[in-house]
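Below: one structure, written as structure tokens.
The values are calculated or read from the model by the stated rules, or taken from the named source; none is laboratory data. Because the structure is a prediction, the values reported are computed rather than measured. All Cβ positions, glycine included, derive from the backbone under ideal geometry; neighbour counts span all protein chains shown. Note: accessible area is taken over every heavy atom of the protein model, side chains too, but ligands, DNA and RNA are not part of it. Shrake-Rupley method; radii C 1.70, N 1.55, O 1.52, S 1.80 Å.
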Amino acid sequence: ERDTCGRWLRRELALLAPRAVVVLGAFGWQSLLPVLAGEGWAVPRPRPRFGHGARVSLAGERGPLELFGCYHVSQQNTFTGRLTPAMVEEVLRAAATAAGLL
């Protein structure tokens with residue numbers, strides 16, 4: 001999935017001027033970081049660890065980017081209460097603020 005979809009992700013990033021990105025789940029986080037590095041953002045070494053509410057500021061040739069981690073909104077996470085609507089809203093609000101939308 002990561003390798004198959006990576007080219008579309010790179011194309012989408014080339015078309016956009018993102019200021020904030022919300023990543024759902026650890027797999028998405030791990031998949032996105034090398035793509036961002038390849039697109040000119042400075043990804044720190046060691047790579048930032050995923051966690052719900054994680055926030056990483058990346059400098060880049062195309063401007064700064066704020067990266068936010070959010071648990072995936074799967075049934076496993078939502079039905080067990082590991083992820084609540086309030087938790088998702090908190091991350092989305094922080095990302096919108098960072099992007100200058102709020």
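Tabulated results
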read-out	value
Segment 39-52, residues that are closer than 22 Å to ALA14 by Cβ, in a loop (DSSP other than H, G, I, E, B) and touching a residue at least 24 places away in the same chain (Cβ under 8 Å)	GLU39
Residue within segment 1-18 that is among the β-branched types (Val, Ile, Thr) and open to solvent by 60 Å² or more (accessible area, probe 1.4 Å) present	yes
Count - residues of segment 55-92 that are β-branched (Val, Ile, Thr) and open to solvent by 70 Å² or more (accessible area, probe 1.4 Å)	2
Unmet criterion (only one of (1) in contact with a Gly (Cβ under 9 Å, 6 or more places away or on another chain); (2) over 22 Å from LEU102 (Cα atoms); (3) assigned to a loop (DSSP other than H, G, I, E, B)) for ALA17	(2)
Subset tally (residues that are of a type in the set (Asp, Glu) and either modelled with pLDDT of 95 or more or touching a strand residue (DSSP E or B) at 6+ places or on another chain (Cβ under 9 Å) (or both)) for segment 1-60	1
Among the residues listed as LEU101, LEU36, the single one being assigned to a helix (DSSP H, G or I) and of a type in the set (A, V, I, L, M)	LEU36
